[in-house]
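Trainee: First the structure, which I've put down as structure tokens, then a few questions once you've had a look.
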Amino acid sequence: SAIVPYTGYTADGVVGGRYEALSQDDNAFFRADFNLDPANTLMLRLSYDGRSTGGINVGGVSTPEWGFRLDESDVQLGAALTTVVNPSLIVETRVLFGGSSLLQQANAETSGVEHPSAQFGGNNLSRQERDATTFQLVQNLTWVEGKHTTKFGYDVTPSRTKVKARFNPNGNFIYRTD
């Protein structure tokens, strides 16, 4: 958790204050390397990251009800096979599968009010969801001839992202003067 100060005023006219912004972050990483035989090496990797953060966009003139909470998680599984055909020819193949999700939620859905000195009530963007999946395939061939090294290959990374957004159902009011 973090204590986030703000200088704006709330809907009931209270100026400034502090807001307890809860946060959590969990990570895991695993990597293993295997010498399959004198010419082949296999690397496996698995990673996870999950975080939850409150109090986003609250500092300064924004108030806690104007802010956001963000929940995000990422998972990746990767593998690489490196083959030394001979001292001047190396083949590398890599595969990666990944997925991530993000959920951003406003702290309030009340009508938002914006003044030059403060914002309070609900934010314009009430909710955003984003889910993404990625696949990556890399194939490289490294060729060494005398003082020269040449690398050929390809990298294909198709991905798919789904995004959903919802704006404040109660609307927002914007005032250019206090």
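The values are calculated or read from the model by the stated rules, or taken from the named source; none is laboratory data. These figures come from a predicted structure and were not determined experimentally. Virtual Cβ from ideal backbone geometry, glycine too; neighbours counted across all protein chains shown. Accessible surface areas use protein heavy atoms only, side chains included; no ligands, DNA or RNA. Shrake-Rupley method; radii C 1.70, N 1.55, O 1.52, S 1.80 Å.
Trainee: Test each condition in (1) more than 28 Å from S23 (Cβ to Cβ); (2) open to solvent by 50 Å² or more (accessible area, probe 1.4 Å); (3) in a strand (DSSP E or B) for T177 and report the one that comes out false.
Mentor: (3)
Trainee: Looking only at residues in the stretch 46-61 that are open to solvent by less than 30 Å² (accessible area, probe 1.4 Å) and of a type outside the set (S, T, N, Q), which one is modelled with the highest pLDDT?
Mentor: G50
Trainee: So, in the stretch 17-44, exactly how many residues are under 29 Å from R94 (Cα atoms) and not aliphatic (A, V, I, L, M)?
Mentor: Final tally of qualifying residues: 13.
Trainee: Of the numbered conditions (1) touching an Asp or Glu at 6+ places or on another chain (Cβ under 7 Å); (2) touching a residue at least 40 places away in the same chain (Cβ under 8 Å); (3) assigned to a strand (DSSP E or B), G122 fails exactly one; give the number of that condition.
Mentor: (3)
Trainee: Right, here's the next one. Sort out which residues of the stretch 18-45 are modelled with pLDDT under 90 and open to solvent by less than 50 Å² (accessible area, probe 1.4 Å), and write them in order of number.
Mentor: A21
Trainee: If you check V163 against the conditions, is it part of a strand (DSSP E or B), open to solvent by 50 Å² or more (accessible area, probe 1.4 Å), over 25 Å from A79 (Cα atoms) and of a type in the set (V, I, T)?
Mentor: Yes, satisfied.
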